[in-house]
Amino acid sequence: MADKTANRTVRPTTGHGGEMQQVAGGGPVLTTNFGVPISDNENSLRVGARGPTLLEDFVLREKIFHFDHERIPERIVHARGVAAHGYFECTDPIPDLSRASLFASKGKRTPVFARFSTVAGGAGSVDTPRDVRGFAVKFYTDEGNWDLVGNNIPVFFIQDAIKFPDLVHAVKMEADRGFPQAATAHDTFWDFVSMMPESLHMIMWAMSDRAIPRSPRMMEGFGVHTFKLVSADGNETFVKFHWRPRLGMQSLVWDESAKLQGADNDFHRRDVWEAIAAGEYPEWDFAIQAFDARLADSLPYDVLDATKLIPEEVVPLRVIGRMVLDRNVDNHFAENEQAAFLPSNVVPGIDFTDDPLLQGRLFSYLDTQKSRLGTTNFHQIPINAPRCPFANLQRDGMMQTHVPKGRANYEPNSLAEAGEDPGPRAAPTGFVSVRQPVDGLKLRIRSETFGDHYSQARLFFRSQTRNEQAHMASALVFELSKVSLEHVRSRVVSHLRNVDEDLAKRVAAGLAIDLPKAEKPFKAPIDLDPSDALSIQKKWKATLRGRKVGILFAEGSDKAELEGLMQAVKAAGGTPFTVAPKVGGIKLKGGEMKADGQLAGSPSVLFDAVALVLTEPAAKKLTRDGAAVGFVLDAFGHLKAIGHTPGAQVLLDRAGVEPDEGVTDLAGLPKAAMYRYWAREPKVRDLA
């Protein structure tokens, strides 16, 4: 049956790997920019169903090339970010798996530059929308630069790079109206998702609390794709790369995230900058999942499919290093903005697989730098330049800063015989691609092994706590409530029925729509064992390190109590931040104190926990101050610990705070502040 479009000229079919194919049925035919009709807009040209993508694919190259140059000079995606310098230290050498020098010896340090970013919004957007976060690290190794360009989510929306322009066009501001900015809650994004069941696993992650992190310092990072490690004797091992924050993972709650966009739209960037400036250097463990082809072949999903992950229970993580970020950038533009991360930057000992999304990225990221940085010589910009010696015969170009000497800009040559410098030459010890047989027909096709679009989405949802599942259901209701196309809402819910029936019912009820018939899957989903490692709450790390406690005081507060609490917070690893109605000297019992922030400009969304060090008269006065009531109301509603003096009870009552284990006296606050209180949530909001 044809789609119900105005001219009924689109005929849907299903591809070899279960992907949606829309075929012209009498209307306009999709062509290249030069008028060549396109037969398949879903798959790159490759050798066999699971083989490498071919450079001759002019359809892919034209589409990606045009997309890469649609915006200048801001990054098309990942435009807004924060970056810092640091080092990678090998803690568990793996010379048996990889010849890469940075993994060769225990204690070896390699300089790094890391950048964390939102994806959808522009450079002038905000830090805390619901969004995937980029997690890119440039290693300046002694064998060249290695760029591990990933995200804070281990899977992606699409399986083939040829769909990346469509994905980003759909998620960005709608073409006719230029809004919404930095948001997925609109028609075109969800229309795309509803037609691309392969995106459902990523949607589960994007609707989870992973998409509203507390700070980049508390995010996990992933290489997303399956790569290869290559040993000195040429043996290859499949690998997935992971970053694990030593501060533990932590998210915001949705209302908190939205309010932070008004309170401090630079919240994440400020957080990273201030932590490093204070000597509280962010750290991550670097881990690998290493596995062989036999295990890969035994899995019920394809390791070359970027919409799939391998649970830690199937292939445990092995920590082999750590990253420490210990220096802020000296200049935002010169370093953060001009940094160019390329998945094609690898070093000997690391190689690519035939993942069709990765294959397209190898071309795209290099190509886009010409528009963004204006020159093929972008590698000469200090932040991008390798820290090891480098030499080749590439010459000239815009903004050339090197001054090569001699005539040797080609090889082979015999200039050495005339006493001249012959220039550099290739060496057998350099990068060598893994030898692999390539046998198959040249075609546009997707492997049937990519065809299960729901099992891992189900795995992720069922691995969450009940509270996290409620957050996901509520996020879906919120997003789809912003979609004006009723058939799109219904189609998304029809996909959700293949993920989890209860989830679909909750979302349908939240939208006040009838439960639609389940979408027919290309492959019937299977039940995979839940993985606790996929849940933030199940892996919660009880610590105050890296967290900030807002302490509200006013005239008459006890200075000794204030100072004692501040010392206790510091002793537990946290950072105290004092807040008062005025920032100048406040008269206290026992002295005077200046506040770090003024109450109206320092709402509780900026803090991980709060304390109220108030006398009863001061608290009564603050019950008439909306900023003070909101300070307490939001802290309670965002499930944070609240410590207080007895005199502050009247303000607690005014804000509707009900006693629970997260509401404590000042002595109990440092320990209580290590947690969020999820059991409180049904008291403060309705969830789907």
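The values are calculated or read from the model by the stated rules, or taken from the named source; none is laboratory data. As the structure is a computational prediction, the values presented were derived from the model and not from experiment. Here the Cβ is made from the backbone with ideal geometry for all residues, glycine too, and neighbour counts use every protein chain on show. Please note that ligands, DNA and RNA were not included when accessible areas were found on the heavy atoms of the full protein model with its side chains. Shrake-Rupley method; radii C 1.70, N 1.55, O 1.52, S 1.80 Å.
Structure notes:
- Subset of the range 172-195 that is within 15 Å of the chain's Cα centre (by Cα) and more than 30 Å from residue 323 (Cα to Cα) - its residue that is surrounded by the most Cβ atoms within 10 Å (Cβ to Cβ): 184
- Taking the range 572-688 as the region of interest, the helices (runs of 4 or more DSSP H) fully inside it that hold 1 or more residues being among the small types (Gly, Ala, Ser) are 616-622, 626-637, 669-672.
- Qualifying residue in the range 260-279 (condition: open to solvent by 20 Å² or more (accessible area, probe 1.4 Å), out of contact with any Lys or Arg (no Cβ under 6 Å at 6 or more places or on another chain) and among the β-branched types (Val, Ile, Thr)): no
- For the range 286-317, the candidate set comprises residues that are open to solvent by less than 40 Å² (accessible area, probe 1.4 Å) and of a type in the set (Asp, Glu); within that set, the residue that is nearest to residue 52 (Cα to Cα) is 305.
- For the range 437-469, the tally of residues that are in contact (Cβ under 8 Å) with a residue 12 or more places away in the chain and assigned to a loop (DSSP other than H, G, I, E, B) stands at 14.
- Qualifying residue in the range 537-548 (condition: more than 20 Å from residue 664 (Cβ to Cβ), touching a residue at least 60 places away in the same chain (Cβ under 8 Å) and either acidic (Asp, Glu) or open to solvent by less than 40 Å² (accessible area, probe 1.4 Å) (or both)): yes
- Residue, farthest from the chain's Cα centre (by Cα), within the range 1-26, restricted to residues that are modelled with pLDDT of 75 or more and in a loop (DSSP other than H, G, I, E, B): 26
- Within the range 320-340, tally of residues that are farther than 23 Å from residue 378 by Cα, in contact with a helix residue (DSSP H, G or I) (Cβ under 9 Å, 6 or more places away or on another chain) and buried (at least 18 other Cβ atoms within 10 Å of the Cβ): 3
- Scanning the range 514-534 for residues that are open to solvent by less than 50 Å² (accessible area, probe 1.4 Å) and free of Cβ contacts under 8 Å to residues at least 60 places away in the same chain turns up 516, 518.
- Of all residues in the range 590-626 being under 42 Å from the mean Cα position of the chain (by Cα) and among the basic types (Lys, Arg), the one that is least open to solvent (accessible area, probe 1.4 Å): 594
- Residue among 422, 343, 348, 404 that is in contact with a Ser or Thr (Cβ under 9 Å, 6 or more places away or on another chain), open to solvent by less than 80 Å² (accessible area, probe 1.4 Å) and farther than 30 Å from residue 164 by Cβ: 422
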